[in-house]
Amino acid sequence: MGSDLHAALRLARGDSAPLAALRAAVAEDDAVAGYEELVRICPPERTGLSPGAHAAIFAPLFGEFE
């Protein structure tokens, strides 16, 4: 859920451009099923991050890390 994502972003305590872009792209009442869906909603280029950095920062929010 978007509310879970926003809660995690609040814990990050940052106002960086990537976090702001993600907050703007995902509403608290949005349903985001996983990292792949997040990439469709807010791709790396929208956040100003490389694909690898985007995955490293945001994929763990969904438990999709190795």
Residue list for the stretch 40-62, restricted to those being at negative phi and not in a helix (DSSP H, G or I): C42, P43, L49, S50
Of the residues in the stretch 14-39, those that are closer than 14 Å to G2 by Cβ, charged (D, E, K, R) and assigned to a helix (DSSP H, G or I) come to R23, E37
Positions within the stretch 5-47 being in contact (Cβ under 8 Å) with a residue 12 or more places away in the chain, within 15 Å of A59 (Cβ to Cβ) and either small (G, A, S) or exposed (fewer than 13 other Cβ atoms within 10 Å of the Cβ) (or both), in sequence order: A8, G34
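Computed from the coordinates by the stated procedures, all read-outs in this text should not be read as laboratory data. What you see is a predicted model; the values in this text were computed from it and never measured. Counting neighbours? That spans all protein chains shown, and the Cβs are built from the backbone with ideal geometry, glycine included.
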